[in-house]
Amino acid sequence: MSRAQLQLFNALIRTHHITSRKKVQRLRKAADDQGLRFVLLRSGGSPGIMYAEASREEPLRDWVEAVQALRYKDYRCVCKPTPFFLPEAPADVPVGFREVASVADFGREMERRGLTEWWRMGMGYE
């Protein structure tokens with residue numbers, strides 16, 4: 001592994017929609033409890049998309065299980081927790097918990113992280 005890269009684990013979940021603010025609060029709490037590095041939600045309508053990354057696999061798996069326990073309609077973990085390498089994080093790559101309102105905004109964040117092809121394959125666009 002090059003010193004210019006950071007090894008992380010990521011997962012991608014697709015649901016019919018994400019509209020419940022109560023469930024979003026529970027997702028945020030679960031992410032905080034597990035110490036996830038970054039969570040991105042596409043909320044407010046269909047489709048619901050969730051991306052998460054962590055420095056270790058186990059907390060990410062626990063978060064994915066917490067998401068599944070919320071019983072989202074048409075829940076699919078389209079990319080199970082796997083390792084990937086992020087180039088050393090530039091200043092414009094956010095961490096924390098973030099929500100976007102459109103699939104296009106979600107795609108831009110995936111592009112910023114160098115994950116466009118992975119995301120498009122997971123979503124079934126390619």
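Restricting attention to the alpha-carbon atoms of the chain, what are Rg (one decimal) and Dmax (integer), both in Å?
Radius of gyration, then largest Cα-Cα span, for the chain: 13.6, 41 Å.
Compute the length gained on full extension between R26 and E99: take 0.36 nm times their separation in residues and subtract their Cα-Cα distance, giving the result in nm to one decimal.
24.9 nm
Taking R0 as 25 Å, what FRET efficiency do you get between E57 and T116 from their Cβ-Cβ distance, rounded to the nearest 0.05?
Using R0 = 25 Å, I get an efficiency of 0.65.
Determine the dipole magnitude for the chain: charges of +1 sit on the beta-carbon of Lys and Arg, -1 on that of Asp and Glu, nothing else is charged, the reference point is the Cα centre, and the result goes in debye to the nearest 20.
480
Starting from the amide H of G48, placed 1.01 Å from N in the peptide plane, find each other amide H under 5 Å away whose residue is 5 or more places distant or on another chain.
Sorted by chain and number, the residues that satisfy this are T15, H16, H17, I18.
Among H17, F106, L86, which residue has its Cα positioned farthest towards the positive end of the charge dipole of segment 6-117, with +1 placed on the Cβ of Lys and Arg, -1 on the Cβ of Asp and Glu, and the dipole taken about the Cα centre?
Result: H17, furthest along the dipole toward the positive end.
In µm²/s, what is D for segment 67-126 at 25 °C and 0.890 mPa s, where D = kT/(6 pi eta Rh) by Stokes-Einstein and Rh is the Kirkwood radius from Cα pairs?
183
If I fit a long axis through the Cα atoms of helix 103-112 and take the longest principal axis of the Cα atoms of the chain, what angle between them do I get, 0 to 90°, rounded to 10?
Roughly 20 degrees between the two axes.
Figure the gain on full extension for F85 and H17 (residue separation times 0.36 nm, minus the Cα-Cα span) and round it to one decimal in nm.
In short, 21.6 nm is gained.
Taking only DSSP H segments of four or more residues, each worth -39500 (n - 2.57), what value at 222 nm results for the chain once the sum is divided by all its residues, to the nearest 500 deg cm²/dmol?
Result for the chain, helices only: -11000 deg cm²/dmol.
Taken together, the values in this text are just the output of simple stated rules run on the coordinates, not laboratory data. The structure displayed is predicted, hence computed values, not measured ones. Positions of Cβ are generated from backbone atoms using ideal geometry, with glycine treated the same way; all protein chains shown enter the neighbour counts.
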